[in-house]
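The values are calculated or read from the model by the stated rules, or taken from the named source; none is laboratory data. Remember, it's a predicted structure, so these values are computed and weren't measured experimentally. Don't worry about glycine lacking a Cβ; one is built from the backbone with ideal geometry, like all the others, and counts go over all protein chains shown.
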Amino acid sequence: MRTRDFVAVRRAAAAAALACALAANNAWAVDCNTLPSPVYGIGGSAQKPLLARLGARMAALAAPRTLIYQAPGACLGTNAIINNTRLTGTASYWTAAGAEQTCDLPVAGQAPDYASSGTQATLCPGVTALPSGLGDFEGPVTTWNFFVPVASSQQSISTEAAYFVYGFGRDGMAAPWTDEAAIIRRDANSAAQIIVGLETGVPTERFRGVDAMTNGRSISLVAMATNAQAAIGFASGENVDANRATVRTLAFQHTGQTCGYWPDATATAFDKRNVRDGLYWLWTTTHFFARTDSTGTITNPLVRDFVGWFTGAIAPPAAVPILDLTIQNGNIPRCAMRVSRTRDLGALASFAPDAPCGCYFERVATGATTCAACTDSAACPTSAPVCRHGYCEVN
Amino acid sequence: MNGSTLRRLALASLLALAACKSTPEEAPSDSGPIVRDAQTDATADVAADATADVAADVTNDVTADVTNDASNDATNDVTTDAGADAAADASCVGDGGCYACPPTTSTQIITRCTAASCARFDNAARLPRLLADGGLPALP
């Protein structure tokens, strides 16, 4: 090859390498603020699957809206909305086809419009109360699951066992979970770790094991553990359910119970029956935090809409079937619950929703229900006289 | 609640357990609030350990409250409820120590007689570092 050609080839190679480097750094991602009606959020990775489903539907509306989300951790999100900390770097959004994309946030940063978390704000480090002008709106229920690789023989864990596993590590002698390289944890800003800490009494900053950083990585680390019997982790139920091919939820035996229960009626079901009935203890509601006016109304209309769809305060458009999205994601709308609590892991109370959707939940979650189908209440029996979402409910 | 009171409540539960059997009832309608669930074979294996569990679990509650920090409100709730439940109606103790009456408190809800399948974690057998009284040692 002649020298001139060699130089040309070298220049082309260098140009290609530069292009690759720029692409790897996401330099060509779209600017977030050029997307249609962007709404900026920050919070935990537990909510990301649900927000992905919602974001795709919002992007497909006739007047598209773009749900943008950064997931550094539940409490980092809560603190960001409280302190109005600007989001920087990149964030996720979803196309109408459901594809996750990345966009560039403004160089000067972007104030968050909402935050989402699997815990109440005051459980977060540094938060003693929500400031006035910031509202806490409760969305669907999420479970928190201990899980093991599918190859593990373990079936259940108790509050006390989790105390030894995460509070003592190897020295806890809670076999087979004694290898701290296979005990997967999160950090003090994680809703999952806050809930497990609240349940066990282990302070969130003193957990033993390997920090997985996100719910998704917790699952992959447990799933890929070389010693399946020794591996254990915890994450939000919807994330675990989406990975049942590789990990398996353990039945959980809360202090005072004599047997452990799965979130579902059986280890393989998807009905969330034991959560809805109160036998499965580890669940919380999803919290959305947003700025409000003096009447408590969310000021950002885009946030007000989608949070209202979840809470029931605003009827969603037909193109955003919020109940279906919630149920299909593995969450439980509050209208399908038969127990309630007023704070994370607080006492349970029997609960009868004003407009129950238990039958519809069962139909969507499992593909079947024993409830009578209906088109209006006249077709319903006296024992379940109200037709809701196509099924006869008790009220 | 002190240890003496809890011991009395545990004893009351044990006596009730010996005297009563739960009556299987229909599983609740999916669309209504919790009323009462059935005790079936699915949880029958728990029955053999029931007597010991009732006492041990109450003890665990007490110890956990002492050992764990005050932030563990959930455990406090359960312990408070447990005492009230046991004192309220000993005739509501069903097979395996489950709560066989319509549940009205948190502990009654999570310990009620149920047809749900379950997997017991035997704390006493599997946790060698439990204290002799079934309690939890302080964190290292």
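In table form, for the structure just shown:
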quantity: From the options A:PRO112, A:PRO125, A:PRO72, residue that is buried (at least 19 other Cβ atoms within 10 Å of the Cβ) and assigned to a loop (DSSP other than H, G, I, E, B); calculated: A:PRO112
quantity: Residue within the range A:142-160 that is within 14 Å of chain B (Cβ to nearest Cβ), part of a helix (DSSP H, G or I) and modelled with pLDDT of 95 or more present; calculated: yes
quantity: Enumeration of residues in the range A:289-312 that are surrounded by fewer than 15 Cβ atoms within 10 Å (Cβ to Cβ) and either at positive phi or in contact with a Pro (Cβ under 7 Å, 6 or more places away or on another chain) (or both); calculated: A:GLY296
quantity: Count - residues of the range A:253-272 that are more than 7 Å from every other protein chain (Cβ to nearest Cβ) and free of Cβ contacts under 8 Å to residues at least 40 places away in the same chain; calculated: 3
quantity: Candidates A:VAL339, A:VAL320, A:VAL364 - the one that is touching a helix residue (DSSP H, G or I) at 6+ places or on another chain (Cβ under 8 Å) and more than 14 Å from chain B (Cβ to nearest Cβ); calculated: A:VAL320
quantity: Yes/no for A:GLY256 being over 18 Å from the mean Cα position of the chain (by Cα) and under 30 Å from B:TYR99 (Cβ atoms); calculated: yes
quantity: Test: residue in the range A:360-374 that is surrounded by fewer than 19 Cβ atoms within 10 Å (Cβ to Cβ) and among the polar types (S, T, N, Q); calculated: yes
quantity: Tally, over the range B:67-125, of residues that are among the polar types (S, T, N, Q) and either in contact with a strand residue (DSSP E or B) (Cβ under 8 Å, 6 or more places away or on another chain) or at pLDDT 90 or above (or both); calculated: 9
quantity: Filtered residue count, the range B:104-129, keeping only those that are more than 7 Å from chain A (Cβ to nearest Cβ), buried (at least 24 other Cβ atoms within 10 Å of the Cβ) and either on the phi > 0 side of the Ramachandran plot or part of a loop (DSSP other than H, G, I, E, B) (or both); calculated: 1
quantity: Failed criterion for A:ARG291 (all others in (1) charged (D, E, K, R); (2) out of contact with any Gly (no Cβ under 7 Å at 6 or more places or on another chain); (3) touching a residue at least 24 places away in the same chain (Cβ under 8 Å) hold); calculated: (2)
quantity: Residue count for the range A:378-389, restricted to those that are part of a loop (DSSP other than H, G, I, E, B) and either at negative phi or surrounded by fewer than 14 Cβ atoms within 10 Å (Cβ to Cβ) (or both); calculated: 6
quantity: Residues of the range A:221-246 that turn out to be part of a helix (DSSP H, G or I), more than 12 Å from the chain's Cα centre (by Cα) and surrounded by 18 or more Cβ atoms within 10 Å (Cβ to Cβ), as a count; calculated: 5
quantity: Some residue of the range A:166-177 being within 12 Å of chain B (Cβ to nearest Cβ), farther than 30 Å from A:ALA336 by Cα and either in contact (Cβ under 8 Å) with a residue 60 or more places away in the chain or charged (D, E, K, R) (or both); calculated: yes
quantity: Scope the range A:209-220; condition on the phi < 0 side of the Ramachandran plot, without any contact (Cβ under 8 Å) to a residue 60 or more places away in the chain and buried (at least 20 other Cβ atoms within 10 Å of the Cβ); matching residues; calculated: A:ALA212, A:SER218
